[in-house]
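Chemist: Encoded as C-alpha cells, here's the structure I'll be asking about.
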Amino acid sequence: MTAGRLHPFTLLALAAALPALAWILPAPAGGVWTAAVALLLTLTPGARLTPGASPGFRGVGFSPGSRPGLVVFRTALLTAAPFWVFLRLLHDVPTTIAIGLRITTMVASFVWLAATLAPDRLVEATVARGWSVTAAYLFAATITAVPTLRDRARRIAEAQRCRGLSPRGSLAHRLRALRALALPLVLSALHEVDERALALETRGMVSGARRTPLAPPPDSAVERAARWALLAACVAALIWRFK
Amino acid sequence: MKSLTLERVSFWYPATEAPALRDVSLAVAHGEIVALVGAVGAGASTALLVAGDLAPRLTGGRLAGTVARRDRSAIVLPTPWTQLSGMAFTVWDEVAFGPANLGWPTHEIARQVDRAVEQLELGPLAARNPATLSGGELQRVIIAATLAMDAGLLLLDEPSAELDAEGARTVWRLIRALAKEGKAILLATSALDALPDVADRVVWLEDGAVRAAGTPDLLGEVAACDAGLGTSVATLWGASGLPGPYPLTVDHAVRLWR
Amino acid sequence: MIPALRFDAVTFSYGAGAVLRGLSFSITAGERVALLGKNGAGKSTVVRLIAGLERPAEGTVWVGDWNTRDCAPEQLAWRVGSVFQHADQQLFARTLREDVSFGPRALGVGAREVERRTDQALADLDLTAHAGHHPYDLPPALRKLAALAGALALEPALLVLDEPTIGLDRALRARLTRALLDRSLGSVALLVITHDLTFAAETLERGLVLDRGSLACDEPLAGLLGDVSRLEPLGLLPPPVAALSVALDLPGRPVRAADAARVLARVARGRPGP
C-alpha cells in the first residue's frame, strides 16, 4: 500500500503534524525523531515526480537507474542543507542542531507532500467535501506550485546554459547568473498567470461551477481516526510541554 | 439564425490606443466552417477571443458593436500547453477535466471523453501522463478536451500548428466531420494550403479590419497572393507570370494545365 | 576537414524503450540539413544531445573535434547555438538588445565584439527597430525570432533549431529563411527540426528522416520531397510546390518556389496556346 493511495487529507494531516510536533517537543530529541520520520517518508514508495517534472520534453534531469524515492530524499536534504549552513554561521552547535532538525522536518514534510499528494485527488477530495472547483483548484495549485516552478526554472537554466551561462565562477559572476535565471522565471510565470487564468476558464473553471467528482478518493474510518489521533497527539504534546 | 454573429465589432485591448479589431462583421452558421486568415497581428486571435466571450470579459479592454451567440462555445488557444489543467495524470483524465467542471453526470462524461479520444486517435496515449507528451500530441489532447465539452460553437486558433502531416490531416478531417454534425466552426490558421478543402468561407483580416471575405477562391486571387496570403500553388502560379485567378491546389492546377 | 557535427552510433533512452538506436550521420560546414520525422521519433532528443544536456548511452556525439561527453552545455555554446521549442520563455532582459547580447557577453567576448554581433543578429532578422523594446511587449511571433537572434549572436559554427516556424506567418518565415541562408553562406552548418516541408524545401538542402529512433533516410531534399512513395511510409506528404512539379512533370522537378516559378514560366511560354 503506497502512500499515494492514502486519502489526501491524511497526507495533509501527516505533513502538518510532523513539523508541529518538531517545534512543540523539546529539542534535540523531538527534532531527531520527527526529522527521522519525515525523511523516512521521503523514501517510501508512492513518492513520485509531479506533473511537469518528467524527463525529456520538460527537461528535468532524471538519471536512469535512480529510484524516485531517492530523488525525493535527495531533494529534501539538498533543500534543507543551506539552512544548516546559515544557522551555523549565526548560532552555536547545540542551537544549530535544535533549529536545524526542526527546519529539516518542515522541509522534508513539505517535499514529501508535494511528491506524494496527487493534485487531482486533492481537488476531488475537497470538491466531494463541498468546496467550489475554483477554490479546490487554487488550494491544490499552491501545493504543486513549487515543483512546477522548479521544473520551469530547470528548463530556463538549460536554455541559458546553452547560451553560455556558466554556473561557476566568482560571486559577482554567480549573482549575474542568478539574474539571468530568476528574471525569466518570474517574468514568464507572471506572463503565464494571465494566460492560464484565461485558459482555465476555457476548460470550464468558472466561479460557481459545481464539479462532478470523477473518482473521489475513498476515505476509511481508520484514516479518519488516524487524522484525529494526529491532532490529539499535537494537542497533548502542547499541553505536556507547557504544563 | 446563425450560431455566431459579430456586427461592426471594434475592440481595444486595455491601455492601447489602436484597436485590435475595427468594424468587423462576420457570421458563422451551424454546419459552417469559417476561416480567418491574415498576417501575424492582424486580429484573428482577438476575433476568436471576442467570439468566445473571453474578451473583454477576461482580457479587459473595450468592445464596441454587438456579439450574438446562439450556442455555448469552446476555444482551443494557440498555446495549448497553457490549457493543461495540471491536475490530471492521464490523458483520459485530462480530457475529462472540462466535462467534470461542467457538472455532468459520470456516464455522460465517460461517453463524451471516449468519443473525443477516439476522434483524435488518442487511444494509445490515453493512459499517458500529459506532461510527457510532445507538442503535437499535446495539441491533439487539448483539441479532444475541447470537443468533449460538446459546445455548439467551436473556436480554433491554429489547430494544426504543432502537428506533423498525419496529425494535421486527422484534425482537418475531423473539423469537416464536426461541421457535418451541425457544429459551427470559426478558425484562425496560417495553414492556407489546407483551406480550399476545409473552409466554406474565408475572411481576410488586415490590421484588425475585414479586407475581403468569400469562398476559399479568395486565396487564389492576385491581391491575396501579393499579400502573402495565397496558397502555395496559387502564389507559385502568380510568380511564374501566368494569368489569374490562380489555381488553389495541385489538382486544380493540373486541370488548368490540361 | 572535420565535420561540424557527427553522430557516431548513438543510442539513448529516457528509461524504458530506446529513443535513439545506433544513430549515425555527419554534417559539414555550410550544410543545411532538415531533421524530419513523426512526432515522437526522437528529433528533440537529438537537439538535447547536441547541446550537451544529455549524454548518449552508447556512441559519441562530436561537435567539431569536441566529444560532448567531455563538455558542459555552456562550453558547447562556443560552437553550437541551440534554439528549443518555446524558446521565447528564456527572454528576460529589459530590452531586446540586452537579451540578444546575453550570449556573447556570457561567453566573455569583448564589448565591441558583443555590440557587433548583437547588431548583426538583429539586422539579420529585421529586428533592429524593436531593439529598445521589452521582449514581452513584442507579439509572440517576434519573440520567437528574438530567441533565434540570441543564438545567432553567439556566432556559432553550428545552429540547431527545433521547430522554428511554428506561429510565424509567410512573411516572417521568409525572413527566417533569408537569415539562415545568409549564415550558411558564411559556413555555418544548420540542423533544423521541422514538420514544415515547404520551409524545408526553401531553406534546406538535405533531409535526415528519423523513424522510431533510427535513420530511415539521408539524402538531398530535392529528390526526396517529390517522392510520395518514400515519404508516405514515413508519415510525410510532399509539399505543394514539389507535388506540383511532379504532377506537371516540370523539367528538373524543382522544389523551391522561385525555381519552380521560373521553370513553369519557361514551359508555359514554350507551349502551344490553349
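The values are calculated or read from the model by the stated rules, or taken from the named source; none is laboratory data. This one's a predicted model, so the numbers in the text were calculated from it and none came from an experiment. Here Cβ is always computed from backbone atoms with ideal geometry, including for glycine, and neighbour counts include all displayed protein chains.
Chemist: Has the range C:183-197 got at least one residue that is small (Gly, Ala, Ser), in contact with a helix residue (DSSP H, G or I) (Cβ under 9 Å, 6 or more places away or on another chain) and more than 24 Å from C:Arg48 (Cα to Cα)?
Modeler: For the range C:183-197, residues small (Gly, Ala, Ser), in contact with a helix residue (DSSP H, G or I) (Cβ under 9 Å, 6 or more places away or on another chain) and more than 24 Å from C:Arg48 (Cα to Cα): absent.
Chemist: Mind listing whichever residues of the range B:215-258 are surrounded by fewer than 18 Cβ atoms within 10 Å (Cβ to Cβ), facing chain C (nearest Cβ under 9 Å) and touching a residue at least 24 places away in the same chain (Cβ under 8 Å)?
Modeler: Passing the criteria: only B:Gly228.
Chemist: Which one is farthest from the chain's Cα centre (by Cα) among residues in the range C:20-41 that are within 14 Å of chain B (Cβ to nearest Cβ) and buried (at least 24 other Cβ atoms within 10 Å of the Cβ)? Before the answer, list the steps.
Modeler: To start, the set of residues in the range C:20-41 that are within 14 Å of chain B (Cβ to nearest Cβ) comprises C:34-41.
Keeping just the survivors that are buried (at least 24 other Cβ atoms within 10 Å of the Cβ) gives C:34-37, C:41.
Numbers: C:Ala34: 6, C:Leu35: 8, C:Leu36: 11, C:Gly37: 14, C:Ala41: 17 Å.
Out of the qualifying residues, it is C:Ala41.
Chemist: Sticking with this one: Residues that are under 18 Å from C:Gly186 (Cβ atoms) and either more than 11 Å from chain A (Cβ to nearest Cβ) or at pLDDT below 95 (or both), at least 3 per element: which helices (runs of 4 or more DSSP H) completely within the range C:57-128 meet that?
Modeler: Numbers: elements: C:73-76, C:96-100, C:102-106, C:111-124.
Helices (runs of 4 or more DSSP H) meeting the threshold: C:111-124.
Let's see how each residue does on (1) surrounded by fewer than 20 Cβ atoms within 10 Å (Cβ to Cβ); (2) away from chain A (no Cβ under 12 Å); (3) part of a loop (DSSP other than H, G, I, E, B):
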{"position": "B:Ser10", "(1), (2), (3)": "yes, yes, no"}
{"position": "B:Pro14", "(1), (2), (3)": "yes, no, yes"}
{"position": "B:Glu17", "(1), (2), (3)": "yes, yes, yes"}
{"position": "B:Ala27", "(1), (2), (3)": "yes, yes, no"}
{"position": "B:Ala55", "(1), (2), (3)": "no, no, yes"}
{"position": "B:Asp71", "(1), (2), (3)": "yes, yes, yes"}
{"position": "B:Pro99", "(1), (2), (3)": "no, no, no"}
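Chemist: Step by step: first the residues of the range C:124-167, then only those that are without any contact (Cβ under 8 Å) to a residue 40 or more places away in the chain and within 19 Å of the chain's Cα centre (by Cα), then the one that is surrounded by the fewest Cβ atoms within 10 Å (Cβ to Cβ). Which residue is that?
Modeler: Our first condition is that a residue be without any contact (Cβ under 8 Å) to a residue 40 or more places away in the chain; within the range C:124-167, this holds for C:127-133, C:137, C:139, C:141-142, C:145, C:165, C:167.
Now drop any that are not within 19 Å of the chain's Cα centre (by Cα), which leaves C:141-142, C:145, C:165, C:167.
On the way: C:Ala141: 20, C:Leu142: 24, C:Leu145: 26, C:Thr165: 23, C:Gly167: 22.
Among those that are without any contact (Cβ under 8 Å) to a residue 40 or more places away in the chain and within 19 Å of the chain's Cα centre (by Cα), it is C:Ala141.
Chemist: Taking the options B:Leu236, B:Leu242, name whichever one is at pLDDT below 95 and in a loop (DSSP other than H, G, I, E, B). Break it down into steps so the answer makes sense when it comes.
Modeler: Working: B:Leu236 fails: in a loop (DSSP other than H, G, I, E, B).
Just a single option satisfies the conditions, and that option is B:Leu242.
Chemist: Also: For C:Leu236, indicate whether it is buried (at least 23 other Cβ atoms within 10 Å of the Cβ), in contact with a helix residue (DSSP H, G or I) (Cβ under 6 Å, 6 or more places away or on another chain) and closer than 29 Å to C:Thr11 by Cβ.
Modeler: Values: buried (at least 23 other Cβ atoms within 10 Å of the Cβ): yes; in contact with a helix residue (DSSP H, G or I) (Cβ under 6 Å, 6 or more places away or on another chain): yes; closer than 29 Å to C:Thr11 by Cβ: yes.
Criteria met by C:Leu236.
Chemist: Same structure again: Has the range A:102-115 got any residue that is in a helix (DSSP H, G or I) and free of Cβ contacts under 8 Å to residues at least 12 places away in the same chain?
Modeler: The answer is no; no qualifying residue exists.
Chemist: C:Gly52 - would you say it is in a loop (DSSP other than H, G, I, E, B), crowded, with 22+ Cβ neighbours inside 10 Å and within 12 Å of another protein chain (Cβ to nearest Cβ)? Let's see the steps before the verdict.
Modeler: Values: in a loop (DSSP other than H, G, I, E, B): yes; crowded, with 22+ Cβ neighbours inside 10 Å: yes; within 12 Å of another protein chain (Cβ to nearest Cβ): yes.
Yes; evaluated as a whole, the condition is true for this residue.
Chemist: May I pose another question? B:Arg57 - would you say it is out of contact with any Leu (no Cβ under 7 Å at 6 or more places or on another chain) and without any contact (Cβ under 8 Å) to a residue 24 or more places away in the chain?
Modeler: Working: out of contact with any Leu (no Cβ under 7 Å at 6 or more places or on another chain): yes; without any contact (Cβ under 8 Å) to a residue 24 or more places away in the chain: yes.
Considered against the rule, which asks whether it is out of contact with any Leu (no Cβ under 7 Å at 6 or more places or on another chain) and without any contact (Cβ under 8 Å) to a residue 24 or more places away in the chain, B:Arg57 comes out as yes.
Chemist: If you don't mind, another one. For residues that are in contact with an Asp or Glu (Cβ under 7 Å, 6 or more places away or on another chain) and not in a helix (DSSP H, G or I), tally how many sit in the range C:230-261. Even if it seems obvious, please write down each step before you answer.
Modeler: Just the residues of the range C:230-261 that are in contact with an Asp or Glu (Cβ under 7 Å, 6 or more places away or on another chain), to begin with: C:234-235, C:240, C:256-257.
Right, trim to not in a helix (DSSP H, G or I) and you get C:235, C:256.
So the count comes out to 2.
Chemist: Going residue by residue through the range A:169-180, is there one that turns out to be assigned to a loop (DSSP other than H, G, I, E, B), over 22 Å from the mean Cα position of the chain (by Cα), over 27 Å from B:Thr82 (Cα atoms) and touching a residue at least 12 places away in the same chain (Cβ under 8 Å)?
Modeler: No, there is no match, as no residue in the range A:169-180 is assigned to a loop (DSSP other than H, G, I, E, B), over 22 Å from the mean Cα position of the chain (by Cα), over 27 Å from B:Thr82 (Cα atoms) and touching a residue at least 12 places away in the same chain (Cβ under 8 Å).
Chemist: Something else now. Hey, among the residues in the range B:162-191 that are in a helix (DSSP H, G or I) and among the small types (Gly, Ala, Ser), which one's surrounded by the most Cβ atoms within 10 Å (Cβ to Cβ)? Don't jump to the end; show me each part of the working.
Modeler: Step one: of the range B:162-191, the residues in a helix (DSSP H, G or I) are B:165-180.
So of that shortlist, the ones also among the small types (Gly, Ala, Ser) come out as B:165, B:167-168, B:177, B:179.
Details: B:Ala165: 21, B:Gly167: 23, B:Ala168: 20, B:Ala177: 11, B:Ala179: 20.
My answer is B:Gly167.
Chemist: Among (1) in a strand (DSSP E or B); (2) among the small types (Gly, Ala, Ser); (3) touching a helix residue (DSSP H, G or I) at 6+ places or on another chain (Cβ under 8 Å), there is one condition C:Ser26 misses while meeting the rest; what is its number?
Modeler: (3)
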